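The values are calculated or read from the model by the stated rules, or taken from the named source; none is laboratory data. Predicted, not measured: the structure shown is a model, and the values here were computed from it. Cβ sites come from the backbone with ideal geometry, for glycine too, and all protein chains shown count toward neighbours.
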């Protein structure tokens, strides 16, 4: 058998725990009565709030407008009233303005979205503007505004448009379900982006632990009038990272500090492409996303289509509540996600999963001294030296860490996962990167 | 905070260290079979003395005792000759733990392998009782399980290493299975290889270091042998005699004192251990070559880590 492709350096194989939610078909979460809509739901500048307390809003209306090129607007998920404008701390530590929105009892008819082919008459600029105006951002977790990613800089050419169906984080199954259930939407999203990028090759990368998704996507691309290759990839974390996926599929290495376009590649997640389809073909702004609610502490794991702004507590209740005492509730995947301290935290554009983890699933041993075993160095996909970087950061010498490649760290968590001394390496890297960014900003 | 500290278990859980201790259990059982129940007494005394030495420091520093101390004590006990006076064993392990590890700041901070530091100390200080009185192991059933110590009339047997370098021949199978005189846990090559390979498979020990040790030892040793230097051990017999296998698998791979953060560092470190072993065995009057080879290589470990890290950084800078 042919050797399956993967990235060459480092990587780990955490238990994937996907069976908990993999067979749960997507269902729509019941809409709550109160929504919390943060203005910072994407990478870049937060949106500027365009409504004020007491305003009536309708579903799909702009609540915050894009405040620059690398920014995205925020839309209302529902008809309702703006109750209050507050300051909120998101799970990643960022502070942001947020609207408290109360759904109206006597709802007007929600807008109906019907597919249309009219986008085919638009030029590139108009298409990008439509994507931008609908608030589409990268739904794989990075929440980078989609229109920026699909703008090819002058003089660059796209050799590879890589569709990311890897979903390498353990537990999460939302992208998997999307590939099975919304295949046509994803393919139309690919078609839209194809007209923007005009790539030489289109490749869909899926890890071989999802044979069903591979089969469905393979069958589906055969019916297309343009060539798309579905590539099975050897299971390894963090293959879903942009740089690792490019390396796995094309063998090209994105230079340190560079963007994928530097090696002629653009990567986009399947959920983002579905968002592009909704925005461009249906004319629907990004007000909903898929969230996997799972973990051994939840009664009924599920893949829910959730209106943005719904609270985590609401989703947990709709999944039957807790079965065992949870010790940790995580927003996102177990490797890169954030622990939640407050269940009233809302689902935002970047929330891919809610994990309710029990004692058996969480390793809470104490940190011991570094034993120099070198495992973190072996598994780092970026070829960094995590234990050395951590020591620099621990001694507050952030520049020294940066000189040894700290800024290349993707915070994938492979090092912390494999550390036998349980050193909080990722937290260290995050702190170091933050300090360097702060220093640069001054 | 004070309450919380009290609730911490006395010994910290370290999975890797526990694995090494489990892997050593067959060797402990074998040492009882070959050398009688006294070997268990050696082990008990050494464990107690080693644990107490670390405990005293841990109390003062308000730290936990590391599981690693039991790896150190068990390795040290198994590297003692069967007739070792118990007080010498105790002195050795106290020196190893205190001066090999705790004075550097405790677990994770030591430069030298603590078990080997202790071993080197007692071998140099008490040379006569440790090297002159090796005894023939017991064989057959029930072996040492029915004895305290093997017959004492065979008391003055030299170790295979001394006998081989004296020109005597020894049956290979005796060396391989362990029924020759030697240190408590080092005689059975078969058991060391089996448990050692298990550790390699579990990735508790680095296969690169072990492999490099063997290459580093075999190449010069074979060359010396065929050049025909006088008194050179046959390279193949040399592998199974003395503490070479035991030290390559268990001592050289200690993550803390070896060079582990780069693969190149691992290879060079292992080669260094191997070459030094061969050189010391061939050109010095001292039979305990591996001990000193590893202690010497320990000194180069931080340098290797640093050198290869710098090389990697330069390569990266050149690429961008």
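Values for this structure:
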{"quantity": "Pick from segment B:97-110, criterion in a helix (DSSP H, G or I) and within 14 Å of chain A (Cβ to nearest Cβ), ranking: surrounded by the most Cβ atoms within 10 Å (Cβ to Cβ)", "calculated": "B:102"}
{"quantity": "Lone qualifier among A:291, A:276, A:312 - being surrounded by 24 or more Cβ atoms within 10 Å (Cβ to Cβ), closer than 25 Å to residue A:355 by Cβ and either away from chain B (no Cβ under 14 Å) or out of contact with any helix residue (DSSP H, G or I) (no Cβ under 8 Å at 6 or more places or on another chain) (or both)", "calculated": "A:291"}
{"quantity": "All positions within segment A:369-392 that are assigned to a helix (DSSP H, G or I), more than 8 Å from every other protein chain (Cβ to nearest Cβ) and free of Cβ contacts under 8 Å to residues at least 40 places away in the same chain", "calculated": "A:390, A:391"}
{"quantity": "Per-region count, segment A:89-109, residues surrounded by fewer than 12 Cβ atoms within 10 Å (Cβ to Cβ) and closer than 28 Å to residue A:281 by Cα", "calculated": "2"}
{"quantity": "Matching helices (runs of 4 or more DSSP H) fully within segment B:1-96 where at least 3 residues are within 14 Å of chain A (Cβ to nearest Cβ) and within 17 Å of the chain's Cα centre (by Cα)", "calculated": "B:15-35, B:68-78"}
{"quantity": "Qualifying residues in segment A:397-442 (those that are part of a loop (DSSP other than H, G, I, E, B) and away from every other protein chain (no Cβ under 14 Å)) - the one surrounded by the most Cβ atoms within 10 Å (Cβ to Cβ)", "calculated": "A:412"}
{"quantity": "Residue B:129 vs. criteria surrounded by fewer than 24 Cβ atoms within 10 Å (Cβ to Cβ) and at pLDDT below 90", "calculated": "yes"}
{"quantity": "Boolean, residue A:86 is under 30 Å from residue A:340 (Cβ atoms), at pLDDT 90 or above and in a loop (DSSP other than H, G, I, E, B)", "calculated": "no"}
{"quantity": "Number of the condition not met by residue A:363 [criteria: (1) more than 9 Å from chain B (Cβ to nearest Cβ); (2) more than 25 Å from residue A:342 (Cα to Cα)]", "calculated": "(2)"}
